[in-house]
Each structure stands twice: as C-alpha cells, then as structure tokens.
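The values are calculated or read from the model by the stated rules, or taken from the named source; none is laboratory data. Because the structure is a prediction, the values reported are computed rather than measured. All Cβ positions, even for glycine, are placed from backbone atoms using ideal geometry, and neighbour counts span all protein chains on display.
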Amino acid sequence: MSDRVPTRFLRSLLRMVRSHGYDFSVVLADAGLDFDPMDEQAQNYRAEISAMQYSRVYQQVLRLLQDETFGVTASGLAAPGAFRMMCYCIISCGTLGQAIKRASEFYRTFFDERSQLYTNFSEQVTRVGYRTQLPECSEPVGVMEAYGLSMWHRFFGWLCGRTIELKRVDFKGAPPERLKKYEALFHCPLYFNQASDLLYFDSACLAWPVVHTEHSLSEFLRTAPYQLLIMDVDPGANNLSAQVKAMIGHDFSEGFPSFETVSSALSMSAPTLRRRLKSEGTTFQKIKDEARCEAARLQLGRPELSINEVALQLGFTDPSAFHRSFKKWTGQTPGQFRASQRRPESPVSLSGRPVEGS
C-alpha cells in the first residue's frame, strides 16, 4: 500500500490558489507542512509527503476554489466539478465495462480531444487511456502523466472493490530516470516511445459488478483522492477481504452495510462469504473495525471537526465509546492522535502571497 506522494504534485494545486489571489501558506499549515513545496531549496523541503497531507491540501483547495476534480484528465483543462459529475453519471452502471464506456462518452461529449478518455474493448484485452495526437515525444515520461494513468487504474479498481491486474502500460514518452518508481505504480511491463498512453488489462474484468452506491461515492469525493492514493494495487494482494473493505468505505454516519448486503453485492451466500473470509484469516467484524479505525484517523485529520463530531460521523452516539474504541485500535486517545498530527505552531513564511490585480 502506498502512502507517499511526490511533493511536486502539490505545485499545480498551489499555482491555482495563487492565481486566484489567495495566500497558500495557510493551506499548507493546515495540512501540517512546514516548508514551501514550490521551492526545492526551501528550509525543511521534503521530496515526498504523506497521502493524507496531499489530500488535506487538495480538500482545502476545493473549499477555496469550489473545484471538485482531482486532475485525472490528460490536459488538466477539465472544468470545475467535471470528475464529480462523471462519477454520478456512472455510479448506477451495473458493470465495470458499462462504467468505462459511460465515462468515455462523458468526456467525449463535454471536452475536447486533449481531455477525452480513449477505450478499446476486444475479446481478450481492454485498452484505456489517451490517444492525443501530438508530435513524437523524445522527452522522458513525466510523473504527472504516469500518475494520471495510475489514478484511472485505481479508480476503476475502486468501483469494483478489487485490484485490476494490468497486462502492460504504454507511454508516448521516453523511459524515465527512476524507472523503478514507475514500475511500482503499475506492477506490470512498461513500454515507452509508444503511439499512446494506455492501460491494458484482461477484458474479463469488464463483467465485474460496480459495488459502490451514491452514498459511498459522496464519501469518496469528499476525501478524494485519499482513497485512491492509499490503494494497494499489487495483484498479489488481491483478496476478498480487500473487496469487502472497499465496499464498507469510510462513511459510517448512516451505519454500516449489513453482512447480507455485502454478500449479495458480491454475488455469494452469507455462509460462503463468512467461510472465505475465515480462510483469509479475518472476519467481517475485524474488517469493519479496521475500516472504522482508518476512517477515524482520516476524520481526526480535519481540524474543523471536534472529536465529538468525529465520533458522530463514525456512528458513535456515545463519545466515550469512541474514545475507548480508538484507544483499543491505536493505543492512543483521539486527542493524543490529533495532537501528534497537529501542524507546527509557527509555520515558516511562504511565497504564496495574494496576486495583485487578479
């Protein structure tokens, strides 16, 4: 499971903030960052940050700019809310294949060629990606291009609650210097200097059911792209318990999905699901506790919520029960955990001053 994100990924977000006349130092401080991501020579600069820190910055930018897309299109030109609306258009699809086709149609209808999602379904292999007609590229593949494809791969997996094993990934650019970093993103052979940027996977995956609902989608979008960044996309780790955990999600304000609901969504009987989870060394209750603990950590990272409000969001009507459970899960009280994540008292002065005349 990956929990680190290159710091340079923040730069496009921060440029948007600055271009709208905002001082992004407050955004960074709220995410617990004590350095300027725009300056690699800055004091305390780090090349990587946690997925949680990246998501906190992203969510702060959403609040400032009222934008709800996390930049998975090729050109970065998607209008505010485009990804969100595409998600709501596809969440009712029965299968992954239907969802991918509808997503492709959405981008083809509303955006120019640079932002369109190319799809090609054959009997054996599915290809999804970008076929932008650009001059031959002799430059190495950029990190953002690789992560753009990776986010689509992870998003498709999220829809189905399981990892999609990739057969290969093509890039228009030349091989990058840090090839192992790219290999770790996809866990499959990578091909460079190709005609298009494409993901390849077995077409049998297209029949997989979409296991999420509008309710779980709302939580996904509220915390995006956190759930995608922390996904384990190693095919060797693909198991039933991971599917169940993905279906449970992070939003428990309206309770948990029942065991029967989950088993029905996975097209198996309750006894079969119970038996298969046992064979993987876990239980439905244990998975629920792990999901609730992860959600608690995520919610405690939101400074605008009191600890009692976090407890309610997690479905605890008694805050003291939340305190006991969280300490049992982590060895810390919610307050201790929040204090350990708190931003520095005196964040350094950063360069993101309001832009005059913007």
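Which residues, counting only those in segment 275-315, are modelled with pLDDT of 85 or more and either hydroxyl-bearing (S, T, Y) or in contact with an Asp or Glu (Cβ under 7 Å, 6 or more places away or on another chain) (or both)? Within segment 275-315, S279, T282, T283, S306 qualify.
So which of L190, L228 ends up being under 18 Å from the mean Cα position of the chain (by Cα), under 27 Å from I49 (Cβ atoms) and buried (at least 17 other Cβ atoms within 10 Å of the Cβ)?
L228
Every condition in (1) more than 20 Å from R297 (Cα to Cα); (2) of a type outside the set (D, E, K, R); (3) at pLDDT below 80 is met by S2 except one, and the failing one is (1). Could you list, in sequence order, all residues of segment 295-311 that are surrounded by fewer than 16 Cβ atoms within 10 Å (Cβ to Cβ) and either among the small types (G, A, S) or assigned to a helix (DSSP H, G or I) (or both)? If the condition is that a residue be surrounded by fewer than 16 Cβ atoms within 10 Å (Cβ to Cβ) and either among the small types (G, A, S) or assigned to a helix (DSSP H, G or I) (or both), then S306, N308, E309 are the ones that fit.
One residue stands out in segment 163-181 among those that are surrounded by fewer than 20 Cβ atoms within 10 Å (Cβ to Cβ) and either among the β-branched types (V, I, T) or within 25 Å of A224 (Cβ to Cβ) (or both): the one that is modelled with the lowest pLDDT, namely K181. For segment 249-277, the set of residues classified as among the aromatic types (F, W, Y) and either in contact (Cβ under 8 Å) with a residue 40 or more places away in the chain or on the phi > 0 side of the Ramachandran plot (or both) consists of F252, F256, listed by residue number.
Checking the condition exposed (fewer than 15 other Cβ atoms within 10 Å of the Cβ), in the same structural domain as A146 (by TED's automatic domain parsing) and either modelled with pLDDT of 70 or more or outside any loop (DSSP other than H, G, I, E, B) (or both), which residue from T126, T109 passes? Talk me through it step by step, then tell me what you get.
Working: T126 fails: exposed (fewer than 15 other Cβ atoms within 10 Å of the Cβ).
After ruling out the rest, the residue left standing is T109.
Scanning segment 7-27 finds one or more residues that are of a type outside the set (K, R), buried (at least 18 other Cβ atoms within 10 Å of the Cβ), under 23 Å from the mean Cα position of the chain (by Cα) and in a loop (DSSP other than H, G, I, E, B). For segment 278-297, the set of residues classified as out of contact with any helix residue (DSSP H, G or I) (no Cβ under 6 Å at 6 or more places or on another chain) and touching a residue at least 12 places away in the same chain (Cβ under 8 Å) consists of K288, D289, E290, R292, E294, A295, R297, listed by residue number. Taken over segment 28-43, the criterion of being hydrophobic (A, V, I, L, M, F, W, C), farther than 27 Å from R154 by Cβ and outside any helix (DSSP H, G or I) is satisfied by F35, A42.
Whether any residue in segment 252-273 is surrounded by 15 or more Cβ atoms within 10 Å (Cβ to Cβ), under 30 Å from Q60 (Cα atoms) and within 21 Å of the chain's Cα centre (by Cα) is what I want to check. Yes, segment 252-273 contains at least one residue that is surrounded by 15 or more Cβ atoms within 10 Å (Cβ to Cβ), under 30 Å from Q60 (Cα atoms) and within 21 Å of the chain's Cα centre (by Cα). Whether a residue is at pLDDT 75 or above, over 15 Å from A224 (Cα atoms), basic (K, R) and part of a loop (DSSP other than H, G, I, E, B) was assessed, and R46 passes this test.
Among the conditions (1) within 13 Å of the chain's Cα centre (by Cα); (2) over 17 Å from Y54 (Cβ atoms); (3) not aliphatic (A, V, I, L, M), R222 misses just one, which is (2). Considering (1) more than 22 Å from A265 (Cβ to Cβ); (2) modelled with pLDDT of 90 or more, the lone condition that L117 does not fulfil carries the number (2).
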